[in-house]
Amino acid sequence: MLSLTLNSLVGRRILLLSPHADDVAYSIGGIVANLSLRADILLMTIFGRSGWALASNLREASVDFISAVREQEDRAYCERRRIDYSILYCPDSFVMGYDEATELSVVPDDDPRTADVVTLIGDTVARLVPDVVVAPCGLGGHVDHRIVRTAADALHQADIFYYEDIPYSASLRLSELDKELATQGLAPAGTVDIELVVRNKCEDMGSYRSQTSALTVAEMLQHAGRIGASTGRYAERVWRRTS
């Protein structure tokens with residue numbers, strides 16, 4: 001498969017790799033909504049151990065409590081979208097003790113979690129044999145996203161596509177984003193119209209109450225608007241490796 005369209009995904013076995021409990025809903029929630037009941041989709045959250053929450057009433061809560069809240073939000077999203085769910089309880093950057101600067105600067109090669117995550121994702125793909133794997137590009141430099149990107153880059157058993165991480169992608173000019181991903185050996189694989197489901201996507205994002213603000217939804221809409229600017233409709237874009 002050299003390009004991705006909704007029709008090309010219908011009826012296929014698709015594995016969505018989500019570093020955290022909200023990343024798929026934020027980044028390609030429109031594609032997921034469009035494919036509901038039309039493909040065999042499994043969303044796998046990788047870093048299921050998390051102590052970070054945006055909601056002020058959760059910021060002092062324990063890692064166990066916040067992790068449980070995030071998993072519950074993820075399960076509710078998957079149930080609403082009629083997709084399967086799986087979770088790996090790997091510790092995220094917050095649990096590892098990284099601060100906001102460190103989590104954006106440390107590289108996967110220097111992170112002690114990387115080898116295990118690469119193995120776990122590789123074993124999952126070997127067991128499930130999906131037709132398609134969709135993973136984060138790792139835009140913005142967040143180490144958790146970059147670790148999952150590293151694991152996806154190591155896969156050979158399926159068509160691999162990469163999504164533009166929201167909200168990080170929204171902070172880059174499109175020319176900067178395109179140049180960065182081209183330098184990483186990626187090329188655009190397809191743009192998917194989400195105009196008819198964008199309201200559903202906003203509602204899905206809002207259902208992640210521990211993580212989502214109005215600003216995050218606005219950033220998603222701004223990015224989806226410029227991706228679909230040529231048609232005047234909201235859209236999402238995915239990428240593929242050039243070699």
Original post:
Projected area of the chain, taken from the Cα convex hull and averaged over every viewing direction, in nm²?
Top reply: 11.9 nm²
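Given 25 °C and 0.890 mPa s, compute D for the range 84-135 with the Stokes-Einstein relation, Rh being the Kirkwood radius over Cα pairs; round to the nearest whole µm²/s. Don't skip to the answer; put the middle values down first.
Values: Rh = 12.9 Å.
Estimated via Stokes-Einstein, D reaches 190 µm²/s.
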**OP:** Positive end of the charge dipole of the chain (Lys, Arg +1 and Asp, Glu -1 on Cβ, about the Cα centre): tell me which of Pro91, Ser213, Leu6 has its Cα farthest that way.
**Re:** Leu6
Original post:
Just Ala55, Ala33, Ala170 to compare: in a GNM of the chain, with alpha carbon springs under 10 Å, which one fluctuates most?
Top reply: Ala55
Subject >> Gaussian network model of the chain, springs between alpha carbon atoms under 10 Å - residue of Leu15, Leu120, Leu42 with greatest fluctuation >> reply: Leu120
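Once you have the alpha carbon radius of gyration of the range 132-192, what is it after dividing by 2.2 N^0.38 Å, with N set to its residue count?
Working: Rg = 11.2 Å, N = 61, 2.2 N^0.38 = 10.5 Å.
Against the compact-globule rule of thumb, the ratio is 1.07.
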Original post:
222 nm [θ] for the chain, helices only, -39500 (n - 2.57) per DSSP H run of 4+, per residue, to 500?
Top reply: -12000 deg cm²/dmol
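Could you tell me the relative contact order of the chain? Use alpha-carbon pairs under 8 Å, at least six residues apart, and round to a whole percent. Numbers along the way, then the final one.
On the way: 435 pairs, mean separation 60.8, N = 243.
Relative contact order of the chain: 25 percent.
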Original post:
Name the chymotrypsin sites (Phe, Trp or Tyr not before Pro) in the range 204-243 that are in a loop by DSSP and that have at most 10 other C-beta atoms within 10 Å, would you?
Top reply: none
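Once you order the gyration tensor axes a ≥ b ≥ c over the Cα atoms, which shape class does the range 55-153 get: rounded for a/c under 1.5, otherwise prolate or oblate by comparing a/b with b/c? All intermediate terms of the calculation are to be shown ahead of the outcome.
Numbers: a/c = 1.90, a/b = 1.07, b/c = 1.78.
Here the range 55-153 falls in the oblate category.
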Subject >> Neighbour cut-off at most 14 other Cβ (10 Å), DSSP loop, trypsin sites (Lys or Arg not before Pro), the range 1-69 >> reply: Arg38, Arg59
**OP:** Take the Cα atoms of the range 99-243, find their three principal axes, and give me the spread along each one in whole Å, biggest first.
**Re:** 41, 36, 31
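Each value in this text was obtained by applying a stated rule to the coordinates, not by laboratory testing. Note that the structure is predicted; figures quoted are calculated from it, not measured. Methodologically, a virtual Cβ is constructed for each residue, glycine included, from the backbone with ideal geometry; neighbour enumeration extends over all protein chains shown.
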